Amino acid sequence: MEALTPDKIPRAQQVISILWPSFICAIVASGIFFSAFNPKELIPFNLDIDISPLAAYSIGFLLFWILAIVSSMGTLYFTISNCRVLRKQGN
Amino acid sequence: MPVQQADNNDNPLYVAHQKIYPRVASGRFARLRVLSILTLLGIYYVTPLLQWNDRQAILFDLPARKFYLFGLTLWPQDFIYLAALLILAGLSLFFFTALLGRVWCGYACPQTVWTEAYLWMERKIEGNRSKRMKLDKAPTSASKIRIKLLKHTIWITFSLWTGFTFVAYFTPINELANNLFTGNLGPWEMFWILFYSLATYGNAGFMREQVCMYMCPYARFQSAMFDSDTLIVAYHPERGDPRGSRRRGTDPKEVGLGDCIDCNLCVQVCPTGIDIRDGLQYECIACSACIDACDEIMDKMKYPRGLIDYTTENSARGEPQHILRPRILVYATILLVLCGLLLTHISQRIALDLDVIRDRNTLYRETRDGLIENVYTLKILNMDSSSHQYSLWADGIDGLKLVSDQPELIVEAGAVYETVVRLQADEFNMEERSVPVRFHLQAIEANHLTIVEEARFVGPGKK
């Protein structure tokens, strides 16, 4: 049987393996970040931005999620492309 | 060794998914599971409805940055408690896993709880296992569409209720319900209700056991907490094999068979679609459905129960079991110590905080009476659940005087109060140019609410 390598993981599982760990990381990151900083005090230069707390927390969470998604995507991308390179080299 | 690891050569991790139609199991463990699931669902849906002194009993009040837990109000600076709680939860998972195996997976994990709830609805609408399989294979027809439509409508309704309840942990449920029915729901509240509903619908309706197999980190590392005395669900091959069907009332020894009649019910009831007779497998969430299914068959065959049962590797091998073993004792000790520390810390927590900020614009000034004066801004945070009047004084220099324009210091419950005070001292009593002073704040009629905060008093220096 041919060895299973990450590039043969079905697409759906690849997507989940990106979204899910980043989701957990985003929860932890927002928890720590927003305990330390009040979003109300983060608006720079006294800009007149009228934003509800829930919106601020939500956007913060989504930003953390996107950040973690990008990182996870990078990991998966390199894992898969490394598999292909190694295969080409005959390993 | 009777309890063997399943052969993992044909790695099932990345195979294309085949839908699993678990058959319903009934028996003592199934009853225990239903009880556990109903209790946990009850807690989840009822908690936001509980009230405590005119407010929701458990509420993460995001706008106010407070977390209400019955009588306790936690502030962002109490984040450490939340972190400690998470560590405690993790440690309890270690402890219970070492002791009882994957009891969390089978009885308490939200994934299991909601999957069972959704399976129950599916069963009520589509019928038992064979009916469900037949329905899915059947060509599209009006009645199939009607049944599927009904199932998804009910699933989605339940999901929306779940999502609504989730948001009600962050927005008071009365307000949320009111906003919902008057069409004033904020966009983000709407977003989170839909987000959580969709996640519930997807996880409990479709992904089910795949969440345990592909997404759950615990399923992957739980084996590290296992030892030979951990409770596992196992088939006893020395008793069951060789398997084979036989007539009821046959003595298996006469026909050269073991006790397993190879009815496959243990496979049919399995929510993760494995065959427990292949040995211990990481897909097994220890739900014990196969135990109930097998016991029922054993009863019918008039064989003793327990061909599949809760056991430990040691007891399956006929060796003595140890409940108290180093691993358990270490986990238990750490758990108890941390619990004790947390409770002590919370019980001794002073629901009062004082922030002293020296006026940065002027170092000091001289009063008309020739005293040196420093100005401070005080921020008083009353974290208690009732309002208090406070007395404030300072010491550190002989004859230090505290002057305030505020005759009375009253801070409402949960409020931050800002006030400016002046300290006056004779420069002859100052040893150095800059001397540490202490502000004392104490609640009148609640003497345990007292706090001391240090600051610096600056003068011209000794002449």
Open item on the list: Condition first: on the phi > 0 side of the Ramachandran plot and open to solvent by 30 Å² or more (accessible area, probe 1.4 Å). Now tell me which residues in region B:278-306 satisfy that.
Closed with: B:K302
- [ ] Could you check how many residues of region A:15-25 are within 11 Å of another protein chain (Cβ to nearest Cβ) and of a type in the set (S, T, Y)?
- [x] 1
Task: Residue in region A:2-11 that is nearest to the other protein chains (Cβ to nearest Cβ), counting only those that are surrounded by 13 or more Cβ atoms within 10 Å (Cβ to Cβ) and in a helix (DSSP H, G or I) - done: A:P6
Task: region A:34-63, residues that are part of a helix (DSSP H, G or I) and either surrounded by fewer than 16 Cβ atoms within 10 Å (Cβ to Cβ) or touching a His at 6+ places or on another chain (Cβ under 9 Å) (or both) - done: A:A36, A:K40, A:E41, A:L42, A:P44, A:F45, A:N46, A:I59, A:L62, A:L63
Task: Total residues in region B:170-210, condition more than 13 Å from every other protein chain (Cβ to nearest Cβ), assigned to a helix (DSSP H, G or I) and of a type outside the set (V, I, T) - done: 10
Task: Selection status of B:T230, hydroxyl-bearing (S, T, Y), farther than 30 Å from B:C109 by Cα and open to solvent by less than 60 Å² (accessible area, probe 1.4 Å) - done: no
Task: Residues of region B:300-350 satisfying the condition of being among the β-branched types (V, I, T) and not in a loop (DSSP other than H, G, I, E, B) - done: B:I308, B:T311, B:I328, B:V330, B:T333, B:I334, B:V337, B:T344, B:I346
- [ ] Report, ordered by the first and then the second residue, all pairs with beta carbons closer than 6 Å, sequence separation of six or more or different chains, a first member in region B:77-92 that is more than 24 Å from B:V330 (Cβ to Cβ), and a second member that is part of a helix (DSSP H, G or I) and modelled with pLDDT under 90.
- [x] B:F79/A:S35
- [ ] For residues that are surrounded by fewer than 12 Cβ atoms within 10 Å (Cβ to Cβ) and in contact with a Ser or Thr (Cβ under 8 Å, 6 or more places away or on another chain), scanning just region B:46-76, find the one that is nearest to the other protein chains (Cβ to nearest Cβ).
- [x] B:G71
- [ ] Could you tell me which of the residues B:D309, B:D359, B:D353 is farther than 18 Å from B:L99 by Cα, touching a helix residue (DSSP H, G or I) at 6+ places or on another chain (Cβ under 8 Å) and surrounded by 13 or more Cβ atoms within 10 Å (Cβ to Cβ)?
- [x] B:D353
Task: region A:26-78: number of residues that are within 14 Å of another protein chain (Cβ to nearest Cβ) and either among the acidic types (D, E) or at positive phi (or both) - done: 2
Task: Of all residues in region B:235-272 being polar (S, T, N, Q) and buried (at least 18 other Cβ atoms within 10 Å of the Cβ), the one that is modelled with the highest pLDDT - done: B:Q268
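The values are calculated or read from the model by the stated rules, or taken from the named source; none is laboratory data. As the structure is a computational prediction, the values presented were derived from the model and not from experiment. Methodologically, a virtual Cβ is constructed for each residue, glycine included, from the backbone with ideal geometry; neighbour enumeration extends over all protein chains shown. For the accessible areas, the whole protein counts, side chains as well, though only heavy atoms, and no ligand, DNA or RNA atoms are used. Shrake-Rupley method; radii C 1.70, N 1.55, O 1.52, S 1.80 Å.
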